[in-house]
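Trainee: Before anything else, here's the structure in question.
Only the coordinates and a few stated rules stand behind these numbers; no lab work does. Everything quoted here is computed from the prediction, not taken from an experiment. Cβ sites come from the backbone with ideal geometry, for glycine too, and all protein chains shown count toward neighbours.
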Ligand code: ACO
């Protein structure tokens with residue numbers, strides 16, 4: 001057994017897997033899925049085609065893509081017993097908690113496990129990609145006491161999600177923009193939620209437990225939850241004039257400025273650049289958002305003060321502004337991240353299964369030895 005004695009908090013810089021799914025160059029601001037630049041996929045691909053690429057390692061032919069899309073369309077509905085279960089969730093609960101519970105519940109309904117069977121892998125991939133958006137949209141409506149909207153088979157993946165969420169067919173630009181957002185969030189090498197998914201996968205449990213554990217990890221404010229906090233922060237700042245004093249206070253009290261900084265990127269996250277462009281397209285068609293002006297000033301001042309330390313806008317900084325224009329409530333921003341990242345988690349699940357070894361790291365013990373047991377009456 002190899003014993004690595006140096007302890008690295010947060011496993012910084014320690015490889016935990018060999019993977020051919022995605023690649024990041026944090027100094028140059030490059031992100032590739034299976035070797036293809038994110039800018040190219042955002043411009044030319046669709047989310048489902050990208051999901052196929054991530055999971056199976058190649059761009060699908062027309063026929064393969066049609067079949068994949070049709071299977072997903074067919075599996076979008078969720079069982080009424082899952083809807084009934086979700087109806088019992090407290091309306092004040094966070095949608096990420098609702099999603100985590102619902103994703104785990106899928107394992108109860110599809111309990112057959114055949115991890116070495118490619119048909120089982122495909123079925124699980126299709127079910128998860130198909131049903132997670134339906135569950136997110138259903139909780140949004142059911143927490144207000146409304147019935148969920150059934151999926152619309154005439155609509156593509158992103159358009160159908162917006163339809164179930166906002167109870168009307170979306171504008172084509174809105175659907176296209178959401179689809180690109182999903183592509184941008186689909187995968188990002190090794191990160192907390194992907195690692196969580198892989199640790200869970202390595203025990204050979206079912207894929208629904210894998211996704212549920214990853215959803216729970218993504219929910220935290222240092223990971224996927226930051227996109228919600230960006231909007232809260234912009235609201236708190238309130239005007240361009242307050243930006244500088246807000247940043248000065250953050251730096252003085254060592255408070256993180258949400259939507260900035262990244263363990264890997266030391267330049268502006270390439271996804272933030274694309275999302276900023278999408279936000280501008282949305283403002284042009286659907287009207288301006290005053291928070292964008294605050295965001296621009298915030299980015300300018302953060303760059304001025306923290307750019308030399310490699311702290312720049314990350315993927316979460318502009319995504320919330322896009323989602324606001326799509327009429328998506330703030331607490332659904334992270335669930336949308338999850339809808340997209342299911343593709344990456346499943347790609348890593350499949351890759352992990354191909355050469356599985358259970359994760360069992362070690363620790364450096366810092367406690368006592370040979371301590372006496374003190375009777376409760378004497379403590
Ligand atoms: N605002 C102010 N200071 C920052 C920020 C920030 N957003 N990010 C990093 N720093 C500073 C830290 O205060 C720290 O300074 P110090 O060395 O003087 O103590 C230094 O930079 C290193 O910060 P760490 O948190 O140790 O860096 P790490 O690589 O662990 O963190 C992280 C990356 C967690 C993303 C961090 O930048 C952060 O908390 N950002 C805000 C939350 C956020 O936007 N998260 C989304 C990330 S993208 C994603 O998960 C999808």
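Trainee: Looking only at 338, 114, 192, which one moves most when the chain is put into a Gaussian network model with springs between Cα atoms under 10 Å?
Mentor: With Cα springs under 10 Å in the chain, the top fluctuation among 338, 114, 192 is at 114.
Trainee: Write down, largest first, the equivalent ellipsoid semi-axes of the range 226-325 in whole Å, where each equals the square root of 5 times an eigenvalue of the alpha-carbon gyration tensor.
Mentor: 21, 16, 11
Trainee: Could you state, as a whole-number percent, how many of the C-alpha pairs of the chain are farther apart than 32 Å?
Mentor: Details: 25041 of 71631 pairs.
Of the Cα pairs, 35 percent sit more than 32 Å apart.
Trainee: Report the FRET efficiency, 1/(1 + (r/R0)^6), for residue 115 and residue 256, where r is their Cβ-Cβ distance and R0 is 45 Å, rounded to 0.05.
Mentor: Once the sixth-power term is evaluated, E becomes 0.70.
Trainee: On to the next question. Out of every Cα pair in the range 3-76, what percent are spaced more than 13 Å from each other? Can you show the working numbers first?
Mentor: Working: 2004 of 2701 pairs.
Counting every Cα pair in the range 3-76, those more than 13 Å apart make up 74 percent.
Trainee: Hey, another quick one. Using alpha carbons only, how many angstrom separate the centre of the range 272-340 from the centre of the range 356-379?
Mentor: The distance from the Cα centre of the range 272-340 to that of the range 356-379 comes to 45 Å.
Trainee: Oh, and also: In which sequence would 308, 369, 288, 185 go, from the one with the fewest C-beta neighbours within 10 Å to the one with the most?
Mentor: 369, 308, 288, 185
Trainee: Using a Förster radius of 25 Å, what is the FRET efficiency between residue 300 and residue 23 based on their Cβ-Cβ separation? Nearest 0.05, please.
Mentor: Details: r = 30 Å, r/R0 = 1.19.
Result of the calculation: an efficiency of 0.25.
Trainee: What is the distance, in nm, between label points placed 7 Å from the Cα along the Cα-to-Cβ direction at residue 378 and at residue 222?
Mentor: 4.1
Trainee: Could you give the nm distance between label points at residue 74 and residue 364, where each point is 7 Å from its Cα heading toward the beta carbon?
Mentor: 5.5
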